[in-house]
Amino acid sequence: MRKEPLKLGFMASGRGSNLQSILSACKDGTLNAVPVVVISNKRDSGALQIASANHIPGVYLSPSTHPDPNQLDKEIAGTLTEYGVELLVLAGYMKKIGPNTLKVFHNRIINIHPSLLPAYGGAGMFGIKVHEAVLAAGEPLTGATVHQVNEKYDEGRILAQTEVKVKDTDTAETLAARILEQEHQLYVKALQDIISGKIDLDA
Ligand code: GAR
């Protein structure tokens with residue numbers, strides 16, 4: 001088990017509740033990790049506000065700041081490297097990770113997805129759309145998945161999963177809320193297991 005806190009970089013597009021729960025776990029010692037930078041493709045995201053409130057550098061990088069996708073990808077990898085990121089944590093990041101970033105952080109990028117992957121993953125399956133699809137299909141069970149990130153949406157190695165029962169009375173919103181509570185716990189637990197070596201990212 002390593003003694004030095006693991007340097008975490010984050011990418012997030014929205015509200016940032018998963019980011020917040022991991023930051024809290026870093027702060028209270030649940031995680032032997034230190035957040036070093038938050039990158040967002042949305043200038044006014046909750047995630048960047050959370051970064052600022054926690055005195056963590058926040059960086060806005062998007063097709064607006066870098067219209068060339070290659071340049072954007074290089075800037076993202078460069079920023080993460082500059083801050084010494086050892087593990088990149090995607091926390092509601094709704095864009096694909098570019099080939100350069102994937103190469104520089106090979107096996108060192110993880111994501112959380114609000115379904116039991118491989119079900120209800122892939123392009124266009126994110127956020128509330130996942131829960132709408134689960135309800136439309138009449139699934140009795142759904143959940144959340146932490147997985148490694150590769151060049152295909154939601155197809156990297158599954159590291160941890162948690163199940164959530166669908167209720168007859170669920171709407172996409174109530175289901176999303178119940179799963180989100182579980183996501184917060186699952187992501188922190190997966191990070192604990194990565195840091196302790198129980199999960200080997202190079203396996
Ligand atoms: C979370 O439910 C996360 O699983 C989902 O977006 C939400 C972000 O919430 N991610 C995806 O759908 C990725 N494909 P947050 O901003 O409050 O953490």
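Just so it is clear, none of the values below were taken in a lab; they were calculated from the coordinates. As the structure is a computational prediction, the values presented were derived from the model and not from experiment. Because the Cβ atoms are built from the backbone with ideal geometry, glycine has one as well, and the counts that use them run over all protein chains shown.
Judged by the mean number of other Cβ atoms found within 10 Å, the most tightly packed of the peptides 61-68, 127-134, 27-34 leads the ranking 127-134, 27-34, 61-68. Helices assigned as whole DSSP H runs in the chain whose Cα atoms extend at least 20 Å along their own long axis and whose mean Kyte-Doolittle hydropathy is 0.0 or higher are found at 172-196.
About its Cα centre, the chain has a charge dipole of approximately 300 debye under the convention of +1 per Lys or Arg Cβ and -1 per Asp or Glu Cβ, with nothing else charged.
Prolate is the label for the range 49-132, because a/c, from the alpha-carbon gyration tensor with a ≥ b ≥ c as root eigenvalues, is 1.5 or above and a/b exceeds b/c. Per the Debye calculation on the range 158-203 with a single equal scatterer at every Cα and no solvent contribution, log₁₀ I(q)/I(0) for q = 0.18 Å⁻¹ amounts to -0.61. Once divided by 2.2 N^0.38 Å, the Cα radius of gyration of the range 35-92 becomes 1.08. Here the chain carries DSSP beta bridges of which approximately 40% are antiparallel, counting only pairs with both residues inside.
When each of Tyr153, Tyr120 is scored by the number of other beta-carbon atoms lying within 10 Å, the sequence from fewest to most is Tyr153, Tyr120. Each Cα pair of the chain feeds into the Kirkwood radius, which the Stokes-Einstein equation turns, at 20 °C and 1.002 mPa s, into a diffusion coefficient of 125 µm²/s. For the range 84-185, the alpha carbon positions stretch 45, 25, 18 Å along the principal axes, listed from largest to smallest.
Placing a label point 7 Å from the Cα of Ser24 along the Cα-to-Cβ direction, the residues of the range 33-52 whose backbone N falls under 18 Å of that point are 33-35, 46-52. When only Cα pairs below 8 angstrom with a gap of at least 6 residues are kept, the range 53-163 shows a relative contact order of 22 percent.
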